[in-house]
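Asks: Quick one: the structure is below, questions incoming.
The values are calculated or read from the model by the stated rules, or taken from the named source; none is laboratory data. Everything numeric here is computed off the predicted structure, so don't read it as measured data. When we count neighbours, we look across all protein chains shown, and the Cβ atoms used for this are built from the backbone with ideal geometry, even at glycine.
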């Protein structure tokens, strides 16, 4: 019997909107900790860029990347250490778009210091009721770890995004 | 040339000479081969004689070494026509999907997905069932055994299609960008008889 599946529609942006659509740009991170935002894909896409929002204080660098649900770094997704730009959306455009087949992933972000201020929210309790988590393995020598290690809840929820090829400007 | 004695039937006291022949090129006289008693004979005392015709002596039938006929209606020997028939069956077995389709042993499809051109992804044999999965990030227009164009029916990114009873030998695609075939980030094309 013939069969045709109904594919999912590619998203124009993958974003932690609950944390980014607020007027809060004072969240500080624990240095080198990899913070995560879980997302899923119904259709294959190629990620053209990743983005994060910065507040007024910037002296360090940010790495962003993408991990599989199993906690493995997707090849070519580590932005390497990017100097933070104050009070703006920071955008890293990949030289080669990062291909992602349908599946579950983590959008990852880590800062080199504990003083730079980010767009996001700091919660009083590390709830497990959202898509935000953190990995056990740390940023080192300006590179994201190849695996996340144990994943746990966090009080830090950051405004991060990934934009597919042909997605939002 | 000298000949051996005529074979006798072994009866006693006077053996009777048997019908015999001399094989070509030999001096030995041997008895003719006979079949069993002809069952249709009421008396039960008649038997047929084996017949042998030298290869090629039956002009219409032909010889063992005759080459296959090149047309269905030309002037050829029976042997030549028969070889042509066998060739047709062999070709048919290779190109025609089996009557009962199965899911084991998919037929490989190969080809190159060159951007903005009609690309034939060809199966090793004709297939009845085709499975397509688009792991690319763009829609891929396609056709079965026909030239594909940008306006052909597309398979969407992430879409999975199974077609039965297509009886095709090639899936044609018209990708907007270079399209890997049967590998990561590309179009997967599998076929079954």
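Asks: Looking only at residues in segment A:6-16 that are surrounded by fewer than 17 Cβ atoms within 10 Å (Cβ to Cβ) and at pLDDT 95 or above, which one is nearest to the other protein chains (Cβ to nearest Cβ)?
Replies: Among those that are surrounded by fewer than 17 Cβ atoms within 10 Å (Cβ to Cβ) and at pLDDT 95 or above, it is A:12.
Asks: Which of the following residues is without any contact (Cβ under 8 Å) to a residue 40 or more places away in the chain, under 30 Å from residue B:136 (Cβ atoms), within 14 Å of chain B (Cβ to nearest Cβ) and surrounded by fewer than 15 Cβ atoms within 10 Å (Cβ to Cβ): A:75, A:69, A:89?
Replies: Details: A:69 fails: within 14 Å of chain B (Cβ to nearest Cβ); A:89 fails: within 14 Å of chain B (Cβ to nearest Cβ).
Among A:75, A:69, A:89, only A:75 is without any contact (Cβ under 8 Å) to a residue 40 or more places away in the chain, under 30 Å from residue B:136 (Cβ atoms), within 14 Å of chain B (Cβ to nearest Cβ) and surrounded by fewer than 15 Cβ atoms within 10 Å (Cβ to Cβ).
Asks: Report, ordered by the first and then the second residue, all pairs with beta carbons closer than 8 Å, sequence separation of six or more or different chains, a first member in segment A:114-131 that is closer than 20 Å to residue A:151 by Cβ, and a second member that is exposed (fewer than 13 other Cβ atoms within 10 Å of the Cβ).
Replies: The qualifying pairs are A:126/A:152.
Asks: Evaluate segment A:16-34: report whether one residue or more is more than 18 Å from residue A:122 (Cβ to Cβ) and free of Cβ contacts under 8 Å to residues at least 60 places away in the same chain.
Replies: There is no residue in segment A:16-34 that is more than 18 Å from residue A:122 (Cβ to Cβ) and free of Cβ contacts under 8 Å to residues at least 60 places away in the same chain.
So that you can scan it fast, the table gives a plain yes or no per residue for (1) facing chain A (nearest Cβ under 10 Å); (2) buried (at least 17 other Cβ atoms within 10 Å of the Cβ); (3) touching a residue at least 24 places away in the same chain (Cβ under 8 Å):
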{"site": "B:128", "(1), (2), (3)": "no, yes, yes"}
{"site": "B:131", "(1), (2), (3)": "yes, yes, yes"}
{"site": "B:140", "(1), (2), (3)": "no, yes, yes"}
{"site": "B:151", "(1), (2), (3)": "no, no, no"}
{"site": "B:156", "(1), (2), (3)": "yes, yes, no"}
{"site": "B:163", "(1), (2), (3)": "yes, yes, yes"}
{"site": "B:173", "(1), (2), (3)": "no, yes, yes"}
{"site": "B:176", "(1), (2), (3)": "no, no, yes"}
{"site": "B:190", "(1), (2), (3)": "no, yes, yes"}
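Asks: Looking at segment A:110-142, which of its residues are touching a strand residue (DSSP E or B) at 6+ places or on another chain (Cβ under 7 Å) and in a strand (DSSP E or B)?
Replies: A:110, A:111, A:118, A:120, A:121, A:122, A:132, A:133, A:134, A:135, listed by residue number.
Asks: Something else now. Which ones in segment A:148-169 are away from chain B (no Cβ under 14 Å) and in a strand (DSSP E or B)?
Replies: At the first step, the residues of segment A:148-169 found to be away from chain B (no Cβ under 14 Å) are A:148-161, A:168-169.
Those that are away from chain B (no Cβ under 14 Å) and in a strand (DSSP E or B): A:151, A:152, A:156, A:157, A:158, A:160, A:161.
Conditions (1) surrounded by 10 or more Cβ atoms within 10 Å (Cβ to Cβ); (2) touching a helix residue (DSSP H, G or I) at 6+ places or on another chain (Cβ under 6 Å), marked per residue:
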residue: B:19; (1), (2): yes, no
residue: B:28; (1), (2): yes, no
residue: B:31; (1), (2): yes, no
residue: B:37; (1), (2): yes, no
residue: B:51; (1), (2): no, no
residue: B:69; (1), (2): yes, yes
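Asks: Same structure, new question: Please verify whether segment A:48-56 includes one or more residues that are away from chain B (no Cβ under 14 Å), crowded, with 16+ Cβ neighbours inside 10 Å, in a loop (DSSP other than H, G, I, E, B) and under 14 Å from the mean Cα position of the chain (by Cα). Before the answer, list the steps.
Replies: Of the residues in segment A:48-56, the ones away from chain B (no Cβ under 14 Å) are A:49-56.
From what is left, the residues that are crowded, with 16+ Cβ neighbours inside 10 Å are A:49-55.
Now narrow it down to the ones that are in a loop (DSSP other than H, G, I, E, B): A:55.
Retained after the next criterion (residues that are under 14 Å from the mean Cα position of the chain (by Cα)): none.
Among the residues of segment A:48-56, not one is away from chain B (no Cβ under 14 Å), crowded, with 16+ Cβ neighbours inside 10 Å, in a loop (DSSP other than H, G, I, E, B) and under 14 Å from the mean Cα position of the chain (by Cα), which makes the answer no.
Asks: Quick check: is even one residue across segment A:80-103 closer than 14 Å to residue A:144 by Cβ and not in a strand (DSSP E or B)?
Replies: Yes, because at least one residue in segment A:80-103 is closer than 14 Å to residue A:144 by Cβ and not in a strand (DSSP E or B).
Asks: Within 14 Å of chain B (Cβ to nearest Cβ) and touching a strand residue (DSSP E or B) at 6+ places or on another chain (Cβ under 7 Å): is that true of residue A:19 in this structure? First the steps, then the outcome.
Replies: Working: within 14 Å of chain B (Cβ to nearest Cβ): no; touching a strand residue (DSSP E or B) at 6+ places or on another chain (Cβ under 7 Å): yes.
Here the answer is no, as residue A:19 does not meet what is asked.
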